[in-house]
1. Of Ile209, Ile3, how do they rank once you tally other Cβ atoms within 10 Å and put the fewest first?
2. Using label points projected 7 Å from each Cα along Cα→Cβ, tell me how many nm separate Glu61 and Ile172, to one decimal.
3. For Ser104 and Glu140 in the same chain, what is the full-extension length gain: residue separation times 0.36 nm, less their Cα-Cα distance, in nm?
4. Arranged by the count of other C-beta atoms within 10 angstrom, fewest first, what order do Thr73, Thr138 take?
5. Multiply the residue gap between Ala41 and Glu211 by 0.36 nm, knock off their C-alpha separation, and tell me the result in nm, one decimal place.
6. Once mean projected area of the Cα convex hull in nm² is worked out from the coordinates, which option in [x] 23.8; [y] 12.8; [z] 15.3 does it equal?
7. Would you mind ranking Ser104, Ser24 so that the residue whose beta carbon has the fewest other beta carbons within 10 Å leads the list?
8. Taking 8 Å as the Cα distance limit and 6 or more residues as the minimum spacing, I'd like the relative contact order of the chain as a percentage.
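What follows is calculated from the coordinates using simple rules that are stated; it is not laboratory data. Values in this document were obtained by computation on a predicted structure and should not be read as measured data. All Cβ positions, even for glycine, are placed from backbone atoms using ideal geometry, and neighbour counts span all protein chains on display.
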Amino acid sequence: MRILVVDDDQRLCDTLKRGLEENSFAVDCVHDGEEGEAYGANDLYDLIILDIMMPKKNGVEVCQNLRAKNINTPILMLTAKDTVEDRVKGLNTGADDYLVKPFSFSELLARVRALLRRQDQSRSPELRADELTLNTVTREVSWQQKQVNLTSKEYAILEYLMRHPNAVISRIMIEEHAWDYNFDSLSNLVDVYIGRLRQKIDPEQGKDIIETVRGAGYRLRVKSKPA
């Protein structure tokens with residue numbers, strides 16, 4: 001999943017980016033409100049982490065403007081202010097949650113995952129596709145009840161495919177979901193990672209599970225109704 005962090009604190013942004021990427025998220029960071037609004041308006045993100053006190057445009061304005069543009073991406077607001085009035089103001093402009101600085105990364109990660117689960121209609125942390133199972137909380141993956149060890153990027157791609165069973169997912173869609181804006185779209189990394197996933201899930205049947213749709217992308221083939 002792809003997250004946008006909007007905060008003028010470069011050190012905090014670097015810390016959040018590193019920590020979130022270690023947990024299989026793709027992360028873009030920008031450092032002022034105007035740029036944050038421009039990025040957020042592209043509607044490419046699964047979640048936005050938005051600081052309130054920023055140059056050019058504050059987080060409350062950014063949140064309000066994004067909601068006015070019908071951008072419904074979950075927004076987690078960050079602020080050094082800890083008054084009821086500040087929290088109410090942020091939530092009333094359309095934010096989904098509110099975290100006061102300083103905070104622990106583990107708390108932020110828990111709130112991020114809770115907001116993302118809230119977006120999932122099933123509300124279940126477990127995704128199933130035939131004999132393939134993925135738990136979005138523990139990040140455990142199993143094939144035919146045997147554990148499959150994946151890297152963060154492999155996990156991110158597989159989760160994306162499992163959330164869209166039997167749908168054709170283009171390489172560009174995978175790039176936008178699993179990598180940040182610095183990704184080289186001319187590289188063959190997507191194909192490399194798909195190949196690794198096939199080998200790890202099942203060397204004999206991997207190509208049957210994750211199909212190549214020539215000229216279009218990839219499809220996670222599911223025979224039974226996905227859970």
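1. Values: Ile209 20, Ile3 24.
The fewest-first ordering by Cβ neighbours comes to Ile209, Ile3.
2. The answer from the label model is 3.3 nm.
3. Values: separation 36, 0.36 × 36 = 12.96 nm, distance 2.37 nm.
Net length gain for the segment: 10.6 nm.
4. Details: Thr73 21, Thr138 9.
Ordered from fewest to most neighbouring Cβ atoms within 10 Å, Thr73, Thr138 come out as Thr138, Thr73.
5. Values: separation 170, 0.36 × 170 = 61.20 nm, distance 3.26 nm.
Fully extending the segment from Ala41 to Glu211 adds 57.9 nm.
6. So the structure-derived entry is [y].
7. Working: Ser104 9, Ser24 20.
Fewest to most other Cβ atoms nearby, the residues stand as Ser104, Ser24.
8. Working: 368 pairs, mean separation 39.0, N = 227.
Contact order relative to length: 17 percent.
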